[in-house]
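Encoded as structure tokens, the structure appears first; notes follow it.
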Amino acid sequence: MTQLYRHSIIDIRSREYPALNDMTYLDHAGTTLYAKSLMHQFSKDMTSGVFGNPHSASPSSMLSTQRVENVRLRVLSFFKADPEQFDVIFVANATAAIKLVLEAFRDVEDPGFWYGYHRDSHTSLVGLRQLAAQSRCFESDQAVEDWLKETTEGQKDAPSTAVGLFAYPAQSNMNGHRLPLDWPGRLRTSSRAGCPKMYCLLDAAAYVTTRQLDLSDVQTAPDFIALSFYKIFGFPDLGALIVRKPAGDILRHRRYFGGGTVEMVTTLKESWHAKKADTIHEQLEDGTLPFHSIIALDSAFNVHEQLYGSMDNISRHTCTLASDLYNQLASLRHANGQAVCEIYKDPNSQYGNAKTQGPTIACNVRTAQGGWIGKSEVERLAIVRNIHLRTGGVCNPGGIATFCHLDYWELRRNFTEGMRCGDNLDLVGGKPTGIVRVSLGAMSSQEDVNRFVNFVEETFVEAGKTMVPAQILLPITLDMAESVVEKVQIFPILGCSGWQVPRNVSWLIKETGLQYDREWCVVLKGGTTPLDHPSMKNIRPHIDTEKGILKLTAPLNASAASNNPSKSECDEEVTISLWDSPSQTTQPNLHSNDLLASSYDSQSIASFFTAVLGIPSTLAKFNKITESSWNDSVSPPSVDRSPRVSAVGEGEAQANIILSGSSKWKSQHYVRIGLHYFELIQSPSLQTAEESRQLRYLRNIYDRSLAAQNSTIRYGDYVQYFSADSASHDPALRASIASRYVGPHICPVWNCRRDFNIAEELAAHLHTHKGRTDVTKNCDGAVMNVEVLLGPTPKRWRRWKLRLTKKV
């Protein structure tokens with residue numbers, strides 16, 4: 001690599017960032033690192049004088065005021081902004097800067113303001129839509145281009161407000177895509193109908209970390225620029241809103257005032273106040289400024305220039321590293337040729353071109369079989385190697401939805417399934433819920449790049465066969481099929497009628513059974529026990545997964561049901577959200593077989609069931625049982641959701657899966673439907689036990705294909721049957737059966753795959769993959785590292801810590 005800085009990057013790192021000697025830091029998009037000399041210089045600055053509160057005329061206060069104003073000018077100079085045309089408002093961070101703009105637009109007169117934002121926006125930008133009269137999300141760069149070119153007559157969604165705000169990030173914080181910076185100038189000269197005053201807000205937080213933001217042309221510059229200085233210098237924790245003065249009048253609409261933003265305020269008898277009017281920052285910097293942090297910014301500018309010379313040097317340095325990292329990751333292949341990394345690059349970006357792409361890579365890791373390795377698994381192994389990176393949704397919902405191919409209904413479903421920010425739910429429906437992000441900064445080195453590539457290669461690249469080929473399921477051919485799935489039925493509410501899954505829909509198989517099958521029950525108002533009422537059979541469900549609704553229809557009485565089986569004027573109807581949880585929780589009787597469930601407090605739902613059944617009743621949803629819900633002396637209640645299978649014409653009304661052909665399967669032990677194995681279980685508790693069986697899903701942990709991660713069943717799937725004896729001759733079935741007896745926590749390293757019963761054991765085991773020379777052998781260190789890998793300390797941690805201490 002060509003020398004770009006005054007000193008070599010090795011010298012800079014050893015002198016200024018000693019903590020990096022045994023660390024690979026790849027989260028500069030979160031915050032970059034502060035130099036040692038910055039802290040020394042700031043400490044010297046603080047101890048060489050007395051800095052008082054700026055709101056005074058004392059010498060110490062005047063010193064603080066002067067230093068703050070000098071730094072204000074220095075900020076403008078850093079971004080090549082003319083002080084005559086721009087002003088700087090100091091805030092806590094970029095989000096606070098964005099919120100400050102919102103407060104002004106929120107207070108414009110009715111009918112409010114129109115708001116448009118780009119798909120790549122951080123949640124801090126997305127949140128502005130909540131207070132806008134109208135809003136629009138632009139789904140791509142091209143959508144913005146088309147919008148800017150629209151004429152007055154051709155606008156599809158012309159704002160009906162007098163004021164509008166268009167916001168977008170200069171760089172996506174998810175994948176580093178850099179968006180055009182000429183949009184503000186073009187917006188200013190375009191003919192936007194219905195919105196005479198259109199402003200532009202630029203989120204520059206991710207961009208300015210490694211790229212020069214040039215505001216020298218006031219005609220093409222954004223009206224408002226939000227940024228965070230800790231992303232550029234590592235310290236101080238401070239942000240700013242840079243305002244183009246011609247656009248400053250809109251900020252005067254903000255009604256709130258506080259601290260030194262007013263000249264006078266009356267509180268008795270009459271309410272009146274006079275805001276300061278000399279400068280924009282005087283009107284908006286509420287309370288006492290964080291003047292020590294602002295003074296620290298002066299030292300940050302000095303050290304940054306001494307170490308790196310200019311932002312252009314940093315841009316070239318990081319651009320070269322990012323290009324090399326991208327090329328190396330993109331070239332990684334498993335032994336069978338399958339790509340290892342799915343890299344989420346915007347079509348308009350090109351690594352090596354600093355104008356279109358920042359030094360950030362967003363990706364997910366695939367197995368040789370095409371399945372996904374969870375983001376949290378990658379992060380846990382990275383921690384073992386002391387590699388610092390970011391995983392998850394990275395506060396970029398539009399980017400995650402686009403590149404992970406998640407529709408709105410899938411995101412809502414994922415939330416219902418328990419997905420939350422920072423959790424370990426990596427896959428739902430065969431799709432990743434987040435990404436792995438690595439980002440480079442000014443002090444990143446080629447060694448950082450190589451260490452991460454080596455980590456991925458050594459840990460996840462499958463250099464040989466990880467499974468016996470026979471253990472990998474291939475589709476059942478027509479000549480192998482002994483039967484076919486004729487119908488798939490879901491019984492959403494325990495004891496009510498079923499709903500037939502459309503023939504063109506693949507239905508998800510979960511660990512507990514089919515999705516949405518027997519997830520609800522009917523209870524008496526105030527009761528906890530599921531009802532078993534004869535009229536419940538008349539309740540007809542319909543599920544729409546994309547709209548997220550469960551629609552129930554039922555006649556008011558039994559005679560109406562027999563006379564009119566389809567929807568009619570005498571039918572009752574109600575709609576329940578599949579995504580929203582009930583608000584009222586019923587407590588179970590721990591001495592009975594009652595179920596822990598949450599009942600709905602909706603009056604319309606209660607009225608429906610009361611009218612249909614003739615008794616005061618409502619709907620309840622079975623809760624997911626967690627370890628913390630029950631003590632050791634009480635077994636948690638459960639409902640058996642194992643799918644029921646039957647032959648055509650034999651007990652179809654009670655079965656989830658109806659198979660064609662003979663009843664040969666009744667004498668078998670195992671059945672394969674499509675690409676999934678099940679164990680056939682006889683259940684005497686079923687009323688139709690002589691005609692149907694239950695299925696227990698046999699998940700093959702050794703199969704890491706995409707099909708195994710997205711277990712589904714549908715009409716037309718071919719079926720095979722297996723006896724207990726024949727199972728021993730089928731490697732794939734044998735592996736599926738063996739998976740029942742392994743621990744739930746599996747090592748993600750491709751050539752290990754050891755299983756463990758509890759997460760703590762897996763966390764301790766992961767350190768054996770640290771490397772031959774640096775495997776942790778110190779007891780205290782092992783305990784600490786396991787604690788980090790597990791995240792929040794669980795209740796049982798103390799017991800485990802004692803066991804681990806004895807083992808080590």
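No lab work stands behind these numbers, since they all come straight from the coordinates. Predicted, not measured: the structure shown is a model, and the values here were computed from it. Counting neighbours? That spans all protein chains shown, and the Cβs are built from the backbone with ideal geometry, glycine included.
Points to keep in mind about this one:
- For the range 351-413 and the range 473-552, distance of Cα centres in Å: 33 Å
- Exposure proxy ranking for Ser48, Ser190, based on other Cβ atoms within 10 angstrom of each Cβ and starting from the fewest, stands as Ser48, Ser190.
- Positive dipole terminus of the chain, leading residue within Ile658, Asn454, Ser535 (C-beta point charges): Asn454
- Our coupling estimate for the range 487-492, obtained by passing each phi through the Karplus curve with A = 6.51, B = -1.76, C = 1.60 and θ = phi - 60°, is 7, 10, 10, 10, 10, x Hz, Gly and Pro reported as x.
- Extent along the principal axes, Cα only, for the range 313-460: 46, 33, 28 Å, with the longest axis given first.
- Net lengthening on full extension, Arg740/Glu546 (0.36 nm per residue, minus Cα-Cα): 66.5 nm
- Here the residues Glu377, Glu109, Glu139, ranked from fewest to most Cβ neighbours within 10 Å of their Cβ, fall in the order Glu109, Glu139, Glu377.
- Of the trypsin sites (Lys or Arg not before Pro) found in the range 343-388, no site is in coil according to DSSP while having at most 11 other Cβ atoms within 10 Å of its Cβ.
- Simple spin-label estimate for Asp580 and Asp110 in nanometres, 7 Å along Cα-Cβ: 2.7 nm
- Spacing of the two label points (7 Å from each Cα toward its C-beta) at Glu84 and Ala143, in nm: 4.1 nm
- Extended-chain gain in nm, criterion 0.36 nm per residue less alpha-carbon gap, Ser43 and Thr123: 25.3 nm
- If a spin label sat at a point 7 angstrom from the Cα of Leu474 along the line to its beta carbon, the backbone N atoms of the range 728-743 nearer than 16 Å would be those of 730-733.
- Under a model in which nothing but the beta-carbon of Lys, Arg (+1) and Asp, Glu (-1) is charged, the chain shows a dipole of about 1460 debye around its Cα centre.
- As a size descriptor, the averaged projected area of the C-alpha convex hull of the chain was calculated at 43.7 nm².
- Normalised contact order of the chain, rounded percent, pairs of Cα under 8 Å and 6 or more residues apart: 11 percent
- Rounded Å value of the spacing that divides the Cα centres of the range 255-330 and the range 748-762: 46 Å
- Listing Val488, Val719 from fewest to most neighbouring C-beta atoms within 10 Å gives Val719, Val488.
- Within a straight-line Cα-Cα reach of under 14 Å, Lys431 can be paired with the following aspartates and glutamates, leaving aside sequence neighbours fewer than 8 residues apart in one chain: Glu342, Asp407, Glu410, Glu417.
- Share, in percent, of DSSP beta bridges within the chain that are antiparallel, nearest 5: 75 percent
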